[in-house]
1. Output the number of residues of the stretch A:110-129 satisfying the condition of being touching a residue at least 60 places away in the same chain (Cβ under 8 Å), touching an Asp or Glu at 6+ places or on another chain (Cβ under 9 Å) and not in a loop (DSSP other than H, G, I, E, B).
2. Residue check, B:GLY40 against (1) without any contact (Cβ under 8 Å) to a residue 60 or more places away in the chain; (2) away from chain A (no Cβ under 11 Å), all met but one. Which one?
3. Quick one: which of A:LEU161, A:LEU78 is assigned to a helix (DSSP H, G or I), hydrophobic (A, V, I, L, M, F, W, C) and exposed (fewer than 15 other Cβ atoms within 10 Å of the Cβ)?
4. Is one or more of the residues making up the stretch A:32-42 at pLDDT 90 or above and within 14 Å of chain B (Cβ to nearest Cβ)?
5. Tell me whether the stretch A:57-73 contains one or more residues that are crowded, with 19+ Cβ neighbours inside 10 Å, without any contact (Cβ under 8 Å) to a residue 24 or more places away in the chain and touching a helix residue (DSSP H, G or I) at 6+ places or on another chain (Cβ under 6 Å).
6. Quick one: A:TYR24 ticks every box in (1) buried (at least 19 other Cβ atoms within 10 Å of the Cβ); (2) under 30 Å from B:SER11 (Cα atoms); (3) more than 14 Å from chain B (Cβ to nearest Cβ) bar one, so which box is it?
7. Within the stretch B:1-23, how many residues are of a type in the set (Phe, Trp, Tyr) and either touching a residue at least 24 places away in the same chain (Cβ under 8 Å) or touching a helix residue (DSSP H, G or I) at 6+ places or on another chain (Cβ under 7 Å) (or both)?
Amino acid sequence: MTIILVLIIIFCFGLIGFKLSAFYINRKKFFSSLQILLSNLELDVSFSQDKLKNLIQKNNKNLTSKDLNALCQNIFNLLDKKQMIDYEIFNDIKILKKEEKDLIFSFFNSLGRLDAYSQSKEIKSYQNKINEFYNEANDECKKYASLFIKLGIIFGILVCLLII
Amino acid sequence: MLQEVLSEKLSNIINYKIAFSELSEIRIRKDKPIIVFIKGQPYYICEKGLTCNINSAIFANKEMIDDIVYKASDFSIYSVNEQIKQGFIMLENGVRIGLCGSVVTENNQIKTMINWTSLNIRIPHQIKNMSLCAFDDIVSENGLKNTLIISPPGAGKTTFLRDFVYQLSENNYCLNVCIIDERGEIAGGDNSGINLGNFCDVISYCTKKQGFNQCIRSMNPSLIVTDEIGNEEDCNSLIDAMNCGVKVIATIHASSIEELKRKKFFEKLPQYYFERYVLLSNREGPGTYEGTYNEKFAKIVKW
């Protein structure tokens, strides 16, 4: 009985740790997916030159980050209603800092306003900035994601020791 | 579609305070009052609808113009850049937005247009029976006659063409008609609701040369209809088609037969290629029929 209780406590604290680390994992996933999205958009704008709405919908299917999925869906919904992009696109996204939101907003707001050649160049310039965010998120993920899981398990063990 | 492109305020005024069916043009110029043309007459737009008083008129600004162009391109300027290079954007329902701004060139080629300063939104109309005044002059027992529709800009050439094609089908002339619609104006795109009859094929957004070649090779047309011939290449395409035994009806900008004759590229056309000339004007509003002329430019008198 005690062993089961110990396991449950450790599992619960481990889960809390995992949930906290998920924030950093999701941030890394978000920026990694955003990098892929930007590369795809750059190619599509240069070659297929399809409407932005269709490009976002098409590329959204292949993204692994749920947060970026939600962001793209919000953008698609606005474009579909012929409305300008605003900060409401970040409504369901809690993992981004203000400066990151500002840059991503400025990127999506600038999309579709230029001819294909200039648009492609502009996407490339944003790619550099997104790469910086990705590197930062990756470093944070390496540092904190495993730390929170480990801390969760250690806290679990400590609580077990205190109880027993 | 047009309402989606305009700002909410402008859209509400046009929807609820102006007879949209009578609206033919909206002129939007940076820092100038917005002007609409109804039955050929200009009016300012104000909060209550139309006005002749400039003090109550609504003024356009750069942001308004940018937003309209951006929305008209479906938030994708790059996807309509070929149209922008030619100075317009077509909406799905055949509405054409003419653009003015700074043209960006590279190696003597137009690359794009930026800093838009003026928009001319033209709303297509289908005026039933408009072409009947000249129908019997163009269509006879011996078949169709190669015809040139002449009018100044905005005087109803395209509307005439549209109705003529419709009337052919309506009057049981079972002829395969192919429309070379360079700017998507005649047929007006997929969702225009324009009825061109049951014998009509449309090739859109290509040059006349490409369109004529493609259509003669693949569609076996009896009649080719096209808008606004404007240079020697267009004329050559027309001649090639006529030499293939296909009848052609085209339009051209001119306000009189004399003006037409003065056009350089027209001088080079072999004589009598066109058997009929239909002259339209704005004298009593767009689409005023001024008469039909034969191949020797003699007016056909109707009894």
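The values are calculated or read from the model by the stated rules, or taken from the named source; none is laboratory data. In this text the structure is predicted, and so the values were computed from the model without any measurement. Glycine gets a Cβ as well: all are built from the backbone with ideal geometry, and neighbour counts include every protein chain shown.
1. 5
2. Going through the list (1) without any contact (Cβ under 8 Å) to a residue 60 or more places away in the chain; (2) away from chain A (no Cβ under 11 Å), B:GLY40 breaks only (1).
3. Being assigned to a helix (DSSP H, G or I), hydrophobic (A, V, I, L, M, F, W, C) and exposed (fewer than 15 other Cβ atoms within 10 Å of the Cβ) holds for just one of A:LEU161, A:LEU78, which is A:LEU161.
4. yes
5. Yes, because at least one residue in the stretch A:57-73 is crowded, with 19+ Cβ neighbours inside 10 Å, without any contact (Cβ under 8 Å) to a residue 24 or more places away in the chain and touching a helix residue (DSSP H, G or I) at 6+ places or on another chain (Cβ under 6 Å).
6. With (1) buried (at least 19 other Cβ atoms within 10 Å of the Cβ); (2) under 30 Å from B:SER11 (Cα atoms); (3) more than 14 Å from chain B (Cβ to nearest Cβ) applied to A:TYR24, the lone miss is (2).
7. 1
The rows are residues; the columns are (1) outside the structural domain of B:PRO152 (by TED's automatic domain parsing); (2) closer than 28 Å to B:GLU284 by Cβ; (3) among the β-branched types (Val, Ile, Thr); (4) surrounded by 19 or more Cβ atoms within 10 Å (Cβ to Cβ).
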position: B:SER7; (1), (2), (3), (4): yes, no, no, no
position: B:LEU10; (1), (2), (3), (4): yes, no, no, yes
position: B:ILE28; (1), (2), (3), (4): yes, yes, yes, yes
position: B:ASP31; (1), (2), (3), (4): yes, no, no, no
position: B:GLU47; (1), (2), (3), (4): yes, no, no, no
position: B:LEU50; (1), (2), (3), (4): yes, yes, no, no
position: B:PHE59; (1), (2), (3), (4): yes, no, no, no
position: B:GLU63; (1), (2), (3), (4): yes, no, no, no
